[in-house]
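K.L.:
Here it is, the structure in full.
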Amino acid sequence: MPRIAFIGAAGVRREIDAPVGITLMEAARQHGIDGIVARCGGACACATCHVYVAPAWMAKLGPAEDMEQGMLESAWEPRPNSRLSCQIQISKALDGLEVTVPERQA
Amino acid sequence: MTSTILIIGGGQAGAQAVDTLRREGFEGRLVMVADEPHLPYQRPPLSKQFLAGDMAAERLPFRHQPFYDQHRVELKLGRKAARIDAAGHRVTLADGEIIGYDRLLLCVGAKSRTLTCPGAELGGVHYLRNIADVGAIRGGLKEGARLVVIGGGYIGLETAATARKLGCAVTVLEMADRLMNRVVASSVSEYFAHEHRSHGIKIECNTRVVRLEGPRSVERVVCADGSTHQADLLVVGVGAVPETGLAAEAGLACENGVTVDEHCRTSDAAIFAAGDCCNHPSLRYGMRVRLESVDNAFEQGKTAAINMLDRMAVHDRVPWFWSDQFDNKLLIVGLSQGFDQQVLRGDPATRSFSVCYLKGGELAALEAVNHSKDYMAARKLIAERARPDIDKLADPQIALKESV
């Protein structure tokens, strides 16, 4: 299983094994990663699973679609490397991915 | 010191309450009774990816078993609460077990409104509320099967879209003059009617079903105007009614749901209620509402949990909702009841537009079709009671947040 690192708002790093075929949000929720709220459950309707992706990984993830982009504009403190974790599908290629959880969600 | 908290209901509100209680440091006994045999799970995918077979069942639960073990949650799944003894602070389950409580949280949700016309009891007549319902429907959604959907609301239309993608011949019968008439503007209704028709779904509005016919299983749907529709199966989505039986029998105040205050307290000091089952004051809109909303259930589950620990949390939220139909996302924020002005932003022909509702000059609600930017901006503006400039509002080139 791809290994993915979540860095909490306070800087604490946690690594999890994420099964292929689910989303990054679901993997975070299964592992009880603090700060990933995901109120809508992955429908791209709430912007509460926002993460900052380590810049080196942005290109590998590909661009966010329009709906996600529109959500991110009003997420809490969006940055150029902001993504909604419910829109990122776990695949083998994401082994080693590193994301930071914002201090708050929208 | 609160030592036992009992939660009845394993939906969004109950799952969130469990999470919040342990997060807030509740160390006592925590028991959840839920009548379905599943870990608390998400319902929105039931009419969408899960019905389509695109989402495995193990992706539905909010949390998996280790979470409940780790947080010492006694799950009594597949068990039904039969009676609340409010004076004695205990609940009797249908199988006779008695569970005492210091605080009780009712998250019992709503149940599907059922058809009452002749033939309603025939086989092949389905409702869509839980995993078992999906199991019963899915087998019938074979390529070429004729599905008749009664009710052109969220559930009906999402089910119609999913069934069409699976190759079924789908007809939607709606009693009102347009789709989703209670929840969206006519321009949004028209847009979705067009979308469904362009995918080959037959949409019939102003159509009242009077009778279902068939020897054992439904074969024909007969309407008031004499028209008939052949059906291999039927899905009925004509709304939901709150589950108030337990609460009412226990003497709790109920009126279109279990009556609660802004702290999710019922008329009994030890009993709280959250989610679709309860009728609560909306502080933003100054009226009592009962909502069928994931976010509302989430938020009330959290609010109730904090207040059960004798801390003071207030439920003050602008509600939001969404629906996925084919490749369209409908996002709704706020309540439009009593609006005095409606403003269209953008052109439906571009497949991305919004409808704004104002009341007394304040933005009260917004419906966004494939337009998440407007939706997110509106969430903030509605909560702030912003008073947008109408000309700016009507100009889709001006960002919604710049309209104030």
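The values are calculated or read from the model by the stated rules, or taken from the named source; none is laboratory data. Only a predicted model underlies this, so the values are computations on that prediction, with no experimental measurement involved. All Cβ positions, glycine included, derive from the backbone under ideal geometry; neighbour counts span all protein chains shown.
K.L.:
Show the residue pairs meeting these rules: Cβ distance below 6 Å; 6+ apart or different chains; first residue within the range B:302-321 and under 11 Å from B:E24 (Cβ atoms) and among the basic types (K, R); second residue assigned to a helix (DSSP H, G or I) and modelled with pLDDT of 95 or more.
P.N.:
Sorted first by the residue in the range B:302-321, then by its partner, the pairs are B:K302/B:Q16; B:K302/B:T20.
K.L.:
Note down all Cβ pairs under 7 Å where the first residue falls in the range B:364-376 and is touching a residue at least 40 places away in the same chain (Cβ under 8 Å) and facing chain A (nearest Cβ under 8 Å), the second is of a type in the set (F, W, Y) and crowded, with 24+ Cβ neighbours inside 10 Å, and they're at least six residues apart or on different chains.
P.N.:
From residues that are touching a residue at least 40 places away in the same chain (Cβ under 8 Å) and facing chain A (nearest Cβ under 8 Å), there are no pairs.
K.L.:
Restricting to the range B:285-301, give me the number of residues that are surrounded by fewer than 22 Cβ atoms within 10 Å (Cβ to Cβ), at the interface with chain A (Cβ under 10 Å from one of its Cβ atoms) and in contact (Cβ under 8 Å) with a residue 40 or more places away in the chain.
P.N.:
Residues that pass the stated criteria total 0.
K.L.:
If you go through the range B:84-110 one residue at a time, how many are under 19 Å from B:A269 (Cβ atoms) and not aliphatic (A, V, I, L, M)?
P.N.:
9
K.L.:
Enumerate the pairs (first residue in the range B:253-273 and among the basic types (K, R); second residue anywhere and crowded, with 16+ Cβ neighbours inside 10 Å and in a strand (DSSP E or B)) with beta-carbon separation below 8 Å, excluding pairs fewer than 6 apart on the same chain, so at least 6 apart or on different chains.
P.N.:
B:R265/B:I271; B:R265/B:F272
K.L.:
Here is a further query. Report the residue count in the range A:1-24 for those that are within 10 Å of the chain's Cα centre (by Cα) and within 11 Å of another protein chain (Cβ to nearest Cβ).
P.N.:
Result for the range A:1-24: 1.
K.L.:
Then there's this: Please go through (1) more than 24 Å from B:N279 (Cβ to Cβ); (2) free of Cβ contacts under 8 Å to residues at least 40 places away in the same chain for B:A87 and return the number of the only condition it doesn't satisfy.
P.N.:
Here B:A87 clears every test but (1).
K.L.:
Within the range B:347-398, track down each residue that is among the acidic types (D, E), assigned to a helix (DSSP H, G or I) and surrounded by fewer than 24 Cβ atoms within 10 Å (Cβ to Cβ).
P.N.:
Across the range B:347-398, the qualifying residue is only B:D391.
K.L.:
For B:S403, indicate whether it is touching a strand residue (DSSP E or B) at 6+ places or on another chain (Cβ under 8 Å), away from chain A (no Cβ under 13 Å) and farther than 30 Å from B:V170 by Cα.
P.N.:
no
K.L.:
For the range B:292-300, state whether one or more residues are farther than 19 Å from B:I84 by Cα, modelled with pLDDT under 95 and out of contact with any strand residue (DSSP E or B) (no Cβ under 9 Å at 6 or more places or on another chain).
P.N.:
Checked the range B:292-300: no residue is farther than 19 Å from B:I84 by Cα, modelled with pLDDT under 95 and out of contact with any strand residue (DSSP E or B) (no Cβ under 9 Å at 6 or more places or on another chain).
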